[in-house]
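Asks: Structure provided below as C-alpha cells; questions to follow.
The values are calculated or read from the model by the stated rules, or taken from the named source; none is laboratory data. Since this is a predicted model, take the numbers as computed values, not measurements. Reconstructed Cβ throughout: ideal geometry from the backbone, glycine too, with neighbour counts over all protein chains shown.
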Amino acid sequence: MALSYLRSSSSRSVNLLKPLSSSLPLRRPISTDTTPITVETSVPFTSHQCDAPSRSVETNPKELLTFFRDMALMRRMEIAADSLYKAKFIRGFCHLYDGQEAVAVGMEAAITKKDCIITAYRDHCTFIGRGGTLLEVFAELMGRQAGCSKGKGGSMHFYKKDSNFYGGHGIVGAQVPLGCGLAFAQKYSKDETVTFALYGDGAANQGQLFEALNISALWDLPAILVCENNHYGMGTAEWRAAKSPAYYKRGDYVPGLKVDGMDALAVKQACKFAKEHALKNGPIILEMDTYRYHGHSMSDPGSTYRTRDEISGVRQERDPIERIRKLILSHDLATEEELKDIEKEVRKEVDDTITQAKESPMPEPSKLFTNVYAKGLGVESFGADRKEVRATLP
Amino acid sequence: MALRNIIGKRIGNGIGLVGRRSLSTATSDVENRNAKSMNLYSAINQALHLALETDPRAFVFGEDVSFGGVFRCTTGLADRFGKARVFNTPLCEQGIVGFGIGLAAMGNRAIAEIQFADYIYPAFDQIVNEAAKFRYRSGNQFNCGGLTIRAPYGAVGHGGHYHSQSPEAFFCHVPGIKVVIPRSPRQAKGLLLSCIRDPNPVVFFEPKWLYRLAVEEVPEHDYMLPLSKAEVIRQGSDITLVGWGAQLSIMEQACIEAEKDGISCELIDLKTLIPWDKETVEASVRKTGRVLISHEAPVTGGFGAEISASIVERCFLRLEAPVARVCGLDTPFPLVFEPFYMPSKNKVLDAIKATVNY
C-alpha cells in the first residue's frame with residue numbers, strides 16, 4: 001500500500017510527487033515547496049468604484065497544502081462542536097462556520113498577525129486562523145478554564161490579543177464601528193497595518209454600519225469592511241431583507257469588491273488587494289459570496305428556509321475544501337491517499353483535543369466577579385443571599 | 001391560580017403540583033368561560049390575533065415575525081391578516097422602533113417586536129427621546145400611543161450575556177412610556193391586549209423562560225386586564241414580597257417553604273412597573289411591616305431600588321426591618337455562572353427569614 005511504502009522509505013527514492021523534491025511523509029504532511037504556481041480564480045472579481053484585481057493568483061504547493069489542512073481542521077472542528085452541542089457539553093449558543101472556511105483561511109494568507117480582525121459571533125474558525133489552538137476553542141465552548149476567554153465568554157466571545165483578534169461579538173453589527181476605531185489607532189501609529197471588520201448580510205442593514213462607513217471614508221481609515229454574505233440572515237433570505245443585496249456596492253462612495261468566498265485563493269487575492277488599497281486610499285468593502293451548511297445556530301435546522309437540494313448543491317459545486325483538493329490533485333502536489341491521511345490526522349487531533357478539553361475544570365466561582373472593572377476594583381458579594389459586599393474602590 | 005401549578009420544570013421535582021386556588025382576585029377579574037389550557041406563547045399569539053381582528057389598523061412587525069417568530073408568538077398572523085399587516089423587518093432595531101413610532105403617530109396600532117430584550121439598546125434613543133416625549137413636546141397635537149414594543153426578556157438557563165438580560169430598569173426611568181411584565185399566560189393575554197389598546201407607548205417584556213414552561217387555563221374570549229394595578233396573588237401577614245414576571249414563581253416557592261417555618265408571606269405581582277401601583281404595595285406593607293423585592297436584573301439601580309425608596313418614604317414608621325432586595329449580582333449576565341448570579345429560591349428564603357427575624 002502506498003502509505004506504508006512512504007513510511008518505510010527514508011531515502012524517498014520513489015517519488016509520487018512530481019514537481020517536489022521531497023515526498024509527502026505522514027508525519028509532516030505540509031510540503032515545504034514554495035515554487036510558485038499561478039491559478040485562476042473561479043470567477044472574475046466584480047468591482048465598484050475601483051479597478052478589480054487580476055484573476056490570476058500566485059500560490060505555491062506549501063500554501064495550498066496549508067489551506068487544505070487548515071480548512072479540513074476547521075471543518076472537522078465545527079462538526080465536532082455540533083456533536084458536542086447535541087451531547088450537551090456545549091450549552092448556550094453555537095454558530096458554526098462550516099462552508100465558510102475559505103474566507104478565514106484566504107484572509108490569513110494575505111495579511112499578518114499585526115493586522116487586526118474583528119468579527120461577529122461565527123468566530124470559531126476565524127480564531128483558529130489567527131493562531132488560536134483547538135484546545136482553547138473546545139475548552140471555551142464548554143466553558144472551561146483552558147478556554148481563550150477563561151470560560152467566561154463562550155462560543156460567541158473568542159479573543160486573541162497577541163494576534164490582534166478582537167473577537168467575537170454577540171450584538172449584530174456592533175463590531176463594525178469598533179473595527180473603524182481599531183483602524184484609526186493603526187493609522188495613528190503609522191505601522192502600515194489594516195483592520196478587517198467582518199459582518200454578515202443580516203448586519204448589513206444595521207444603521208451603525210453606515211455610520212462606520214461614513215467615518216472611515218471621511219477620515220481615510222485603513223478599514224476593510226468584509227461582508228460574509230452567506231445569503232441568509234438567520235432564516236431570512238437576503239433579497240427579503242435588503243433592497244440592494246449587492247453589499248459591495250452599499251458603500252456608495254466607498255469602493256467595493258465582490259469575491260467568490262468559497263475560493264480561498266480569490267479571497268487571498270482580494271484581501272491582499274484590499275490591504276494595499278486601504279493603506280493608500282482608505283476604506284473598501286469586500287463582499288464574500290459564501291455559504292454556511294449548518295443553520296444559523298444549533299437551534300436552527302437550516303432547512304426550513306432553504307431546500308436540502310440547495311445545500312447539497314453548494315456542497316457539490318462550490319465546497320472550498322473540495323476546490324483545493326482538486327487543485328492539489330490536478331497539479332500533482334499530493335495524492336488522494338495523502339490528502340485523506342491529512343484528514344484522518346486532523347480528525348484524530350480534534351478528538352484528542354476534545355478529550356483534553358473535557359478534563360479542564362470549570363472556572364472558580366469567585367471568578368464570577370473578576371474583570372467587571374479593571375483589576376482589583378469593583379464589588380464582590382458573599383453569603384447565601386450575597387448581602388455581604390466587599391467593594392474595592394480606587 | 002397558584003403559580004406553581006403553572007410552572008413545571010423550572011422549579012424542580014421537589015414540589016408536588018397540587019391544584020390549589022390562591023386567594024387572589026385573579027380568578028374574579030376574568031370570566032372563566034371557554035378556558036383552554038395553553039402556554040405563554042400561545043396566549044400571546046391569541047392576544048395578537050384578537051388585536052389585529054378587532055382593529056383593522058393594527059400591524060405586527062419585527063425580525064422574523066412572518067413565519068411565526070423565533071418563539072412562535074406570531075404564528076398564523078401573516079396567513080390570516082396578510083403581508084401588508086404582518087411583515088418582517090430587516091435587522092435594524094433602531095429602524096424598527098422609529099418606524100413604529102411614525103406608524104403610531106398616524107393613528108395606527110404599531111406592535112413592534114424586538115427579538116430579544118438584549119437587542120433593544122439600539123432602539124433606546126427612539127424609545128426614550130422620541131416615543132416617550134412625543135405627546136409632551138407637541139402640546140398633545142401628536143402622540144404615538146398606538147405603539148407597543150414586545151420583547152422577550154430574562155434568563156433562560158443557558159442564554160449567556162446577550163440572551164438573558166432584564167433591561168426593565170432602564171425604561172422605568174422614562175416618564176411617558178409604560179413598562180408591563182406578565183407573570184403567566186392568562187395574565188399575558190389580558191395585559192398585552194390592554195397595552196395594545198392603551199393610548200400610551202408601552203414596552204411589554206415577556207419572560208422567555210415561561211414561553212413553553214408556563215401552562216394555564218386561558219379564556220378564549222377577548223379580555224383585558226387593567227394596567228397600573230398590582231395584584232396580591234398570595235395573602236399573608238408577616239412580610240410582603242414584590243416581584244414581576246418569571247421571578248414570581250421563584251418567590252412563590254420561597255413563600256411556600258417559609259410557610260413551613262410559620263412565616264406568612266404576602267406576594268404581590270406588580271404587573272405594571274411604570275406607572276406602578278404604590279397604593280396596593282403600601283397597603284400591604286402597612287399590614288405586614290416588612291418588604292422584600294426580588295428581580296433578575298442586577299441589584300444596583302434595579303427597579304427594586306425605586307420600590308424600596310418609595311416604601312421607605314411612605315411607610316418608614318411602620319417598617320419593622322430594612323427593605324430587602326434579592327436580585328441579580330452586579331456583573332454582566334454570566335455564562336457558566338448563571339446559577340450563582342440568579343436570585344434563587346434559597347436566596348429569597350434566606351432573606352425572608354433574615355427580615356422577619358430582624
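Asks: Filter segment A:301-321 down to the residues that are over 16 Å from residue A:79 (Cβ atoms) and within 14 Å of another protein chain (Cβ to nearest Cβ) and list them by number.
Replies: Across segment A:301-321, the qualifying residues are A:303, A:304, A:305, A:306.
Asks: Also: If I filter segment B:328-344 for residues that are hydroxyl-bearing (Ser, Thr, Tyr), in a loop (DSSP other than H, G, I, E, B), at the interface with chain A (Cβ under 10 Å from one of its Cβ atoms) and buried (at least 17 other Cβ atoms within 10 Å of the Cβ), do I get at least one hit?
Replies: Yes, segment B:328-344 contains at least one residue that is hydroxyl-bearing (Ser, Thr, Tyr), in a loop (DSSP other than H, G, I, E, B), at the interface with chain A (Cβ under 10 Å from one of its Cβ atoms) and buried (at least 17 other Cβ atoms within 10 Å of the Cβ).
Asks: Within the group A:150, A:160, A:114, which residue is in contact with a Cys (Cβ under 7 Å, 6 or more places away or on another chain) and basic (Lys, Arg)?
Replies: On the way: A:150 fails: in contact with a Cys (Cβ under 7 Å, 6 or more places away or on another chain); A:114 fails: in contact with a Cys (Cβ under 7 Å, 6 or more places away or on another chain).
A:160 is the lone residue from the list that is in contact with a Cys (Cβ under 7 Å, 6 or more places away or on another chain) and basic (Lys, Arg).
Asks: Name the residue, out of A:204, A:197, that is more than 10 Å from chain B (Cβ to nearest Cβ), among the aliphatic types (A, V, I, L, M) and outside any loop (DSSP other than H, G, I, E, B). So that I can check it myself, show each step before the final result.
Replies: Details: A:204 fails: more than 10 Å from chain B (Cβ to nearest Cβ).
Answer to the selection: A:197.
Asks: If you go through segment A:219-258 one residue at a time, how many are part of a strand (DSSP E or B) and buried (at least 18 other Cβ atoms within 10 Å of the Cβ)?
Replies: Looking only at that region, the number is 13.
Asks: Also: Considering every residue within segment A:179-191, establish whether at least one is at pLDDT below 95 and touching a Gly at 6+ places or on another chain (Cβ under 7 Å).
Replies: The answer is no, given that none of the residues of segment A:179-191 is at pLDDT below 95 and touching a Gly at 6+ places or on another chain (Cβ under 7 Å).
Asks: Residue B:196: surrounded by fewer than 24 Cβ atoms within 10 Å (Cβ to Cβ), over 30 Å from residue B:321 (Cβ atoms) and more than 14 Å from every other protein chain (Cβ to nearest Cβ), yes or no?
Replies: no
Asks: Only helices (runs of 4 or more DSSP H) wholly contained in segment A:263-379 count here; list those with 1 or more residues that are closer than 19 Å to residue A:55 by Cα. Break it down into steps so the answer makes sense when it comes.
Replies: On the way: elements: A:264-281, A:308-318, A:320-330, A:336-359.
By residue number, A:264-281, A:308-318, A:320-330.
Asks: Looking at segment B:292-304 only, could you name the residues that are touching a residue at least 60 places away in the same chain (Cβ under 8 Å) and over 16 Å from the mean Cα position of the chain (by Cα)?
Replies: Result: B:292, B:301.
Asks: Please go through segment B:93-123 and pick out each residue that is farther than 20 Å from residue B:48 by Cα, assigned to a helix (DSSP H, G or I) and in contact with a Pro (Cβ under 9 Å, 6 or more places away or on another chain).
Replies: B:93, B:94, B:95, B:118, B:121 - these are the residues of segment B:93-123 that are farther than 20 Å from residue B:48 by Cα, assigned to a helix (DSSP H, G or I) and in contact with a Pro (Cβ under 9 Å, 6 or more places away or on another chain).
Asks: Restricting attention to segment B:76-114, which residues are within 13 Å of another protein chain (Cβ to nearest Cβ) and either surrounded by fewer than 23 Cβ atoms within 10 Å (Cβ to Cβ) or among the small types (Gly, Ala, Ser) (or both)?
Replies: Result: B:78, B:83, B:87, B:88, B:89, B:90, B:94, B:95, B:98, B:99.
Asks: Taking segment A:319-367 as the search range and keeping residues that are hydroxyl-bearing (Ser, Thr, Tyr) and closer than 30 Å to residue A:42 by Cβ, which one is surrounded by the fewest Cβ atoms within 10 Å (Cβ to Cβ)?
Replies: Per the stated criteria, the residue is A:330.
Asks: Another question, then. Does residue B:73 satisfy the criteria of being crowded, with 22+ Cβ neighbours inside 10 Å and either away from chain A (no Cβ under 13 Å) or of a type in the set (Gly, Ala, Ser) (or both)? Walk me through how you get there before you give the answer.
Replies: Numbers: crowded, with 22+ Cβ neighbours inside 10 Å: yes; either away from chain A (no Cβ under 13 Å) or of a type in the set (Gly, Ala, Ser) (or both): yes.
Yes: the conditions hold for residue B:73.
Asks: Return only the number of the condition from (1) at positive phi; (2) away from chain B (no Cβ under 14 Å); (3) without any contact (Cβ under 8 Å) to a residue 40 or more places away in the chain that residue A:108 does not satisfy.
Replies: The number of the failed condition is (1).
Asks: I need a count of the residues in segment B:48-70 that are over 16 Å from residue B:149 (Cα atoms), within 13 Å of another protein chain (Cβ to nearest Cβ) and not in a loop (DSSP other than H, G, I, E, B).
Replies: So the count comes out to 0.
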